[in-house]
Amino acid sequence: MRKVDFVIIGGGPAGLSAAHKAAEAGLSSVVIERDDKVGGQLVKQTHMFFGSKKQYAKTRGIDIANILIGHCKAHDDLIEIMTNTTVTGLYDDYILTLLTDDVYHKIEAKAILVASGASEKFMLFENNDLPGIYGAGAVQTLMNVYGVLPGEEVVMVGSGNIGLIVSYQLLQAGVRVKMVIEAASQIGGYKVHASKIKRLGVDILTNHTVKRAIGDDTLQKVEIVEVDDQWNMIEGTEKIIECDALCISVGLSPLSTILGMLPVKMKYVGKLGGNVPVIDYHHETTMNNIFVAGDVCGVEEASSAIVEGSIAGLFIANRLGYKHPEYEKEMNDLTQQLENLRSGPFGVKTVEGLRELRGENDV
Amino acid sequence: MFEKTGVPSEKLVKSRFPNERYLNSFKAITECYEEIPCNPCETSCPFDAIEVGIDINTPPRVDFDLCTGCGICVYSCPGLAIINVMLEDDDAIFRIPYEFLPIPEVGMKVKGVNRFGEDICDGEILKVKEGKLQDKTIVLTLKIPKEYLYDFVTIRRLT
């Protein structure tokens with residue numbers, strides 16, 4: 001069986017950043033990616049990113065993906081990227097079973113970083129399986145990766161940053177966005193994104209949700225309804241909206257299922273998006289040399305995933321005997337960046353969630 | 001209201017404009033009212049006229065004495081939340097970020113749109129800046145009647 005030092009599960013912003021930092025320290029790694037290319041969700045982000053220079057702010061997501069891939073290519077003597085490969089098993093003797101183009105194989109690692117990202121939440125309503133009803137990620141893949149329009153008239157569900165940004169991208173692609181509906185009483189995402197679509201004529205209806213989808217073979221209409229502040233539907237407020245696409249963007253959950261194969265301690269923390277591994281400040285789980293980074297340990301932005309991956313990469317390299325020449329300086333800087341990204345009102349959820357995860361609220 | 005619709009109040013909008021006597025040359029108007037972790041406006045300004053500070057969640061503040069109206073912030077803001085404006089006779093001349101096809105041409109008559117997404121006035125494209133620096137966020141310079149100074153925000157997309 002093939003034996004390596006460091007395996008990274010997931011070639012998104014966290015995984016690529018970890019491989020890069022580890023390589024800078026001299027540690028080799030194998031990045032395992034299920035898709036046919038690395039870059040994760042960044043490859044379908046056509047908008048400019050927020051954050052600061054160190055997380056490539058004002059650069060478009062797709063270009064950030066290329067920067068991160070470039071960093072890894074510059075260390076191609078140390079970083080091996082294995083695409084079209086799914087991790088089918090992860091065992092407590094540090095062996096992973098993999099499937100590459102229908103070929104089953106095994107690999108053993110000294111340290112493993114799980115950077116598997118997150119998956120979209122879905123909604124329960126009548127006829128929610130009609131063709132024409134998409135998750136926001138699917139809409140972005142169709143539109144921004146393959147150049148296929150998801151429909152002509154879209155209703156967007158959810159006003160978080162993804163819902164607002166995808167609405168804007170749909171408008172750019174020439175699709176009519178009929179409205180954005182949001183069950184909460186306030187817009188969830190950044191107001192700059194909301195203002196951007198409002199001035200293009202898209203109304204955001206707060207306190208509204210989907211009651212049912214209507215259509216014979218494909219989506220033709222949706223019935224929306226007002227909800228009160230406890231999210232109870234208010235009878236008599238139903239409205240029928242004609243549309244051929246409904247885009248669901250109601251949040252993400254950490255994609256942490258693979259960790260279920262290991263004896264690592266998990267905890268349900270709503271503020272982090274769902275079931276997450278218990279970790280220390282270096283992103284190590286309760287099992288020695290099993291680490292996590294990015295959305296798998298709490299749903300945030302790509303900017304935080306980049307920083308978390310870098311922290312984990314540095315730390316793991318050090319653990320395996322490869323100390324980065326600027327270890328202390330880099331680690332302090334990255335820790336500071338993460339604090340900075342989370343210090344505003346939009347970071348409160350993550351900060352509180354991490355506290356809950358570490359049991360710091362249990363006194 | 002802002003939290004429900006995405007439309008800032010008139011008071012909020014005006015809080016980011018300088019006294020009109022500053023507007024004999026272009027000045028940066030930052031329509032960024034919320035604490036979000038972001039600072040490219042500050043780091044891209046060559047004149048240190050925009051300050052965010054160490055806590056990158058702080059909304060930007062513009063020093064209108066230092067702002068030369070160079071326009072770099074217009075395409076550097078990831079939230080497309082910065083415009084430039086100056087007054088000339090009866091016109092307000094705006095620079096706005098624009099990310100739609102087709103790209104307007106110089107001389108074209110366009111419709112001015114307010115923050116509610118409604119047509120409010122006629123305008124004329126004066127300049128179209130599109131290059132490597134703008135990185136696909138085109139900067140349009142256009143003129144509209146001065147009376148819409150605080151209402152205008154973008155143009156109706158061309159079809």
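The phi torsions of the stretch B:132-140, fed into the Karplus equation with coefficients 6.51, -1.76 and 1.60 and a -60° offset, translate into couplings of 4, 4, 5, 6, 6, 9, 6, 9, 9 Hz, rounded to whole numbers, with Gly and Pro shown as x.
Based on DSSP H runs of at least 4 residues, each adding -39500 (n - 2.57), what is the mean residue ellipticity at 222 nm of chain A after dividing by all its residues, to the nearest 500 deg cm²/dmol? One gets -8000 deg cm²/dmol as the mean residue ellipticity at 222 nm.
Under a 5 Å amide H cut-off, with hydrogens placed 1.01 Å from N, A:HIS283 pairs with nothing among residues at least 5 apart or on other chains. The B:TYR150 and A:LYS265 beta-carbon pair, evaluated with R₀ = 56 Å, returns a calculated FRET efficiency of approximately 0.50.
The mean count of C-beta atoms from other chains within 10 Å of the C-beta of residues in A:341-351, rounded to a whole number, is 3. For B:GLU124, the residues 5 or more places off, or on other chains, whose built amide H falls under 5 Å of its own are B:VAL110, B:LYS143. Here, the stretch A:172-253 is characterised by an Rg to Rh ratio of 0.97, where Rg is the alpha-carbon radius of gyration and Rh the Kirkwood radius. Each residue in B:CYS77, B:CYS70 was given a count of other beta-carbon atoms within 10 angstrom of its own, and listing them fewest first yields B:CYS70, B:CYS77. Normalised by the number of residues in chain A, the mean separation of alpha-carbon contacts (under 8 Å, six or more apart) gives a relative contact order of 19 percent. Among A:ASP295, B:ASP122, the order by Cβ neighbours within 10 angstrom, fewest to most, reads B:ASP122, A:ASP295.
Quick one: in the stretch B:66-159, what % of C-alpha pairs are over 17 Å apart?
46 percent
Here, the stretch A:70-225 is characterised by an Rg to Rh ratio of 1.10, where Rg is the alpha-carbon radius of gyration and Rh the Kirkwood radius. Please work out whether chain B counts as rounded, prolate or oblate from its C-alpha gyration tensor, where a ≥ b ≥ c are the square roots of the eigenvalues and a/c under 1.5 means rounded, while otherwise a/b larger than b/c means prolate and anything else oblate? Because its axes are fairly even, with a/c under 1.5, chain B counts as rounded.
For chain B, the mean residue ellipticity at 222 nm estimated from helices alone is -2000 deg cm²/dmol, where every DSSP H run of n ≥ 4 contributes -39500 (n - 2.57) and the total is divided by all residues, rounded to the nearest 500. For A:GLU352 and A:LYS239, a Förster radius of 56 Å and the Cβ-Cβ distance give a FRET efficiency of 0.95, rounded to the nearest 0.05.
From largest to smallest, the equivalent ellipsoid semi-axes obtained for the stretch A:243-363 from the alpha-carbon gyration tensor read 26, 18, 15 Å.
Ordering A:GLU360, A:GLU108, A:GLU33 by the number of other Cβ atoms within 10 Å of each residue's own Cβ, fewest first, gives A:GLU360, A:GLU108, A:GLU33. Residues of the stretch A:127-142 with an amide N closer than 15 Å to a point placed 7 Å from the Cα of A:LEU149 along the Cα-to-Cβ direction: A:142. Divide the volume of the convex hull around the Cα atoms of the protein assembly as shown by the residue count and you get 164 Å³ per residue. Here the gap between A:GLU223 and A:LYS110, fully extended at 0.36 nm per residue and compared with their Cα-Cα distance, gives a gain of 35.3 nm.
Could you work out the Rg to Rh ratio of the stretch A:1-81, with Rh taken as the Kirkwood radius (inverse of the mean 1/r over all Cα pairs)? That ratio equals 1.00.
Assuming charge only on the beta carbon of Lys and Arg (+1) and of Asp and Glu (-1), the dipole of the stretch A:122-248 about its Cα centre is about 660 debye to the nearest 20. Calculated FRET efficiency, B:GLU20 to A:PHE122, Cβ-Cβ distance, R0 = 41 Å: about 0.20 to the nearest 0.05.
Rule-based calculations on the coordinates, nothing more; no lab input. Note that the structure is a prediction, hence the values are computed from the model and not measured. Cβ: placed from backbone, ideal geometry, glycine included. Neighbour counts: every protein chain shown.
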